[in-house]
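Single-structure report; data block below.
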Amino acid sequence: MNAIQNFDTAVFRFVNTGLTNPVFDIIMPIMSAKQYFMSVIAALAIIALVADWKKALRVIIFFGVTVAVADVAENALKHAVARIRPCHALEGVRLLAGCGKSFSFPSGHATNIFAAMVFLSTRYKQFWPAFMLIALGVAFSRVYLGVHYPLDVTGGAALGTGVAFVISWADCKYTGALIISRFTNKPEIRE
């Protein structure tokens, strides 16, 4: 276990202090801001609604469920593991954002962004590379800013991805067709 923690700390230090540059110092806090997440989601929702409102309505409903479930799972796991953030545990951390008072594993940002982007990738497959770049950028930003270890964001990415696939599968298999068809199908007119 010590070998894993030592490796995690070494990679953290490499990203947090070894990759520093003025461009990342500007971009990474923006990518990590909750307003960034909300802006990206709002823009995607508007585009989807304009393109196909029936599909977008269903996607928005299950997108919300996906992010909510991922957030609940992340908070439960975070309190069960109770890992201290690197900005509280290590000396010499280059901190470019608030350290936060919650625990470190898994990263809530990584969990939520991966849940969101993977779910959207299952619905809009042609855009999956862009969605994954957004998710990877947010996850990387958390380590660069000094608030999470690499394994925190990796765990968050895995958790968010798992939740997204389960909700997506359940939507396709069981619930979505039943719920949404009642709102989007026109009633038959009988003569």
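Listed values, structure above:
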| read-out | value |
| --- | --- |
| Cross-link partners of Lys173 among lysines (Cα-Cα below 17 Å; sequence separation of 8 or more within a chain) | Lys55 |
| Gain upon complete extension [Ile4, Val23; 0.36 nm per residue less C-alpha separation] | 3.8 nm |
| Label-point gap, in nm, between Ala76 and Phe165 - each point 7 angstrom along Cα→Cβ | 1.9 nm |
| Along principal axes, Cα extents of the chain, largest first, whole Å | 78, 35, 25 |
| Förster radius 22 Å - calculated FRET efficiency between Met132 and Ala43 (Cβ-Cβ, nearest 0.05) | 0.85 |
| MRE, 222 nm, helices only [DSSP H, n ≥ 4, -39500 (n - 2.57), over the chain, to nearest 500] | -23500 deg cm²/dmol |
| Viscosity 1.567 mPa s, 4 °C: Kirkwood-radius Stokes-Einstein D of segment 62-118 over Cα pairs, µm²/s | 105 µm²/s |
| Cβ crowding within 10 Å averaged over residues, with 62-72, 141-151, 156-166 ranked highest first | 141-151, 156-166, 62-72 |
| Rounded tilt (10° steps) of 108-123 against the dominant C-alpha axis of the chain | 30 degrees |
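Every number here is computed from the coordinates shown, using simple stated rules; none is lab data. Since the structure is predicted, the reported quantities are computational estimates derived from the model, not experimental observations. Don't worry about glycine lacking a Cβ; one is built from the backbone with ideal geometry, like all the others, and counts go over all protein chains shown.
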